[in-house]
Amino acid sequence: QVQLVESGGGTMTAGGSLRLSCAASGIKYAIAAMGWYRQAPGKERELVARIVIDKSTTYADSVKGRFTISRNSAQNKVFLQMNSLNAEDTATYYCNFVLWGGREVWGQGTLVTVST
């Protein structure tokens, strides 16, 4: 069974940085894409950043220039470096893997709180 486990969330003051990590276990198929989504209270889940098999990346406009997604394909890990955090970044962050064939796997989420 494929499982994703996020870590690195917590509370940070505005302007600070956090680094999220996501480790996968039980992967038996190639991974087409790895990504991070977030959901703030009362809002829909939104894509934050994604990195695909050819290493191209996509970012939400709200995080461009502040967040960087990276991966360690050999270890099935994906990371999100978050700099210059602001209150609007407060949310639960979810790791997402898309496997070849289209199956998606989600982590349980890690809470990021930015205090002002």
Checklist outcome for this item: Of those in the range 54-83 that are hydrophobic (A, V, I, L, M, F, W, C) and surrounded by 14 or more Cβ atoms within 10 Å (Cβ to Cβ), the residue nearest to Val98 (Cα to Cα) is Val78
Checklist entry - Looking at the range 9-27, which of its residues are open to solvent by 20 Å² or more (accessible area, probe 1.4 Å) and in a loop (DSSP other than H, G, I, E, B)? => result Gly9, Ala14, Gly15, Ser17, Gly26, Ile27
Checklist outcome for this item: Among residues of the range 84-103 being open to solvent by 70 Å² or more (accessible area, probe 1.4 Å), at pLDDT below 95 and not small (Gly, Ala, Ser), the residue farthest from Val2 (Cα to Cα) is Trp100
Next on the checklist: Cβ contacts < 6 Å: first residue free of Cβ contacts under 8 Å to residues at least 24 places away in the same chain, restricted to the range 89-104; second residue surrounded by fewer than 22 Cβ atoms within 10 Å (Cβ to Cβ) and in a strand (DSSP E or B), any location; separation 6+ or different chain. Result?
Outcome noted: Glu104/Val98
Checklist entry - Looking at the range 28-53, which of the residues that are among the small types (Gly, Ala, Ser) and open to solvent by 40 Å² or more (accessible area, probe 1.4 Å) is farthest from Leu4 (Cα to Cα)? => result Gly42
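The values are calculated or read from the model by the stated rules, or taken from the named source; none is laboratory data. Just so it is clear, the model here is predicted, and its values are computed rather than measured. Please note: Cβ atoms are built from the backbone with ideal geometry, for glycine as well, and neighbour counts cover all protein chains shown. Surface accessibility is based on the protein's heavy atoms, side chains included, excluding ligands, DNA and RNA. Shrake-Rupley method; radii C 1.70, N 1.55, O 1.52, S 1.80 Å.
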